[in-house]
Amino acid sequence: MMTKRVIDIVVSAGSLLVLAIPLLVIGLIVRMTSPGPALYWSQRVGRDNLEFQMPKFRSMRAGTPVTATHLLEKPDSYVTPFGGFLRKSSLDELPQLWCILRGEMSLVGPRPALFNQHDLVELRTKAGVHRLAPGLTGWAQVNGRDEMSVADKVDFDRYYLLNRSLALDLKVVILTAKKVLTREGVAH
């Protein structure tokens, strides 16, 4: 889908330019409020199950176990003083615009799995979802975000695979904006 890639490039490049100063400010606040780097580079599974490094503003303490947040015992105890705000506002995700510009991600697609989320990767592969570029947001996120099972996530990802279009992408972006503004569906 060439049009989708052109939109990804234009939106990510434009957003990185417009948000350059706010991104620097957020990075400084992350550094000032907890020890460690401003960015956390997470090993993720992308298109065709190829792994890549995905940046996020660090919202968890340095040394937090590398696992899905919902699998941590007492996940809130790992969140930094500024991290809770970053996660609830989804501002921690903004550095992923770089991955979109590079072509490792898209604005809309299934959220990239952690390298050790074998159950999610396996189910997505069986459903054919692994052929899609992962997204900054996706159909599963606007239909439950942190509140759904792995199987339900894959069902929504498969729906997106079978019904993807620029109209569906626009709907996902609009619903994402609504969910981010209302902080709906954020567990941690």
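In whole Å, what three semi-axes, largest first, describe the equivalent ellipsoid of the range 70-146 built from its Cα gyration tensor (square root of 5 times each eigenvalue)? Please list the in-between numbers first.
Numbers: eigenvalues 106, 61, 25 Å².
They are 23, 17, 11 Å, listed from largest to smallest.
Please give the length that would be gained between Ala177 and Ala13 if that part of the chain were fully extended, namely 0.36 nm times their separation in residues minus their C-alpha to C-alpha distance (nm, one decimal).
Numbers: separation 164, 0.36 × 164 = 59.04 nm, distance 1.90 nm.
Full-extension gain reported as 57.1 nm.
Report the longest stretch of the chain that contains none of the trypsin sites (Lys or Arg not before Pro) sitting in a DSSP loop with at most 16 other Cβ atoms within 10 Å. Before the final figure, lay out the partial values.
Working: sites that count: Arg61, Arg183.
Here the longest run is 62-182.
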Discussion item. What distance in nm separates the two pseudo spin-label positions at Ile21 and Ser42, each 7 Å out from Cα along the beta-carbon direction?
Written reply: 3.0 nm
Practice prompt. Show the residues, 5+ positions off or on another chain, whose built amide H is closer than 5 Å to the amide H of Leu132.
Written response: Asp48
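Could you calculate the contour length gain from Arg61 to Thr125, that is, 0.36 nm times the residue separation minus the distance between their Cα atoms, to one decimal place in nm?
Values: separation 64, 0.36 × 64 = 23.04 nm, distance 3.20 nm.
Working it through step by step, the gained length comes to 19.8 nm.
Which whole-number percent gives the relative contact order of the chain, counting Cα pairs below 8 Å spaced six or more residues apart?
The value is 22 percent.
Of the accessible area of the range 1-117, with the probe set at 1.4 angstrom, what percent is carbon plus sulfur?
Numbers: 4090 of 6160 Å².
That fraction is 66 percent.
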Item to complete: Counting only C-alpha contacts under 8 Å and six or more residues apart, can you give the relative contact order of the range 91-188 as a whole percent?
Response: 29 percent
Worksheet entry | Spin-label model distance (nm) - Trp98 vs Thr33, 7 Å beyond Cα toward Cβ | 2.0 nm
Item to complete: Hey, can you grab everything whose amide H is under 5 Å from the amide H of Glu51? Only 5+ residues off in sequence or another chain; H modelled, so Pro and N-termini drop out.
Response: Gly46
Worksheet entry | Quotient of C-alpha Rg and 2.2 N^0.38 Å, computed over the chain | 0.98
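Of all the C-alpha pairs in the range 34-83, what % are more than 16 Å from each other?
Pairs farther apart than 16 Å: 45 percent.
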Practice prompt. In debye, nearest 20, what is the charge dipole magnitude of the chain about its Cα centre with +1 on Lys and Arg Cβ and -1 on Asp and Glu Cβ, if you could check?
Written response: 300 debye
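Considering only protein heavy atoms, what per residue accessible area in square angstrom results for the range 136-175 with a 1.4 angstrom probe?
Details: 2120 Å² over 40 residues.
Each residue of the range 136-175 exposes 53 Å² on average to a 1.4 Å probe.
Is the range 1-112 rounded, prolate or oblate when judged by the Cα gyration tensor, a ≥ b ≥ c being the square roots of its eigenvalues, rounded requiring a/c under 1.5 and prolate requiring a/b larger than b/c? Show your work: numbers first, answer last.
Numbers: a/c = 2.44, a/b = 1.40, b/c = 1.74.
Oblate is the answer for the range 1-112, as a/c is 1.5 or above yet b/c matches or exceeds a/b.
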Discussion item. Give me the percent relative contact order of the range 37-128, please, defined on Cα pairs under 8 angstrom at least 6 residues apart.
Written reply: 34 percent
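The values are calculated or read from the model by the stated rules, or taken from the named source; none is laboratory data. These figures come from a predicted structure and were not determined experimentally. Here Cβ is always computed from backbone atoms with ideal geometry, including for glycine, and neighbour counts include all displayed protein chains. Accessible surface is based on the protein model in full, side chains and every heavy atom, while ligands, DNA and RNA are left aside. Shrake-Rupley method; radii C 1.70, N 1.55, O 1.52, S 1.80 Å.
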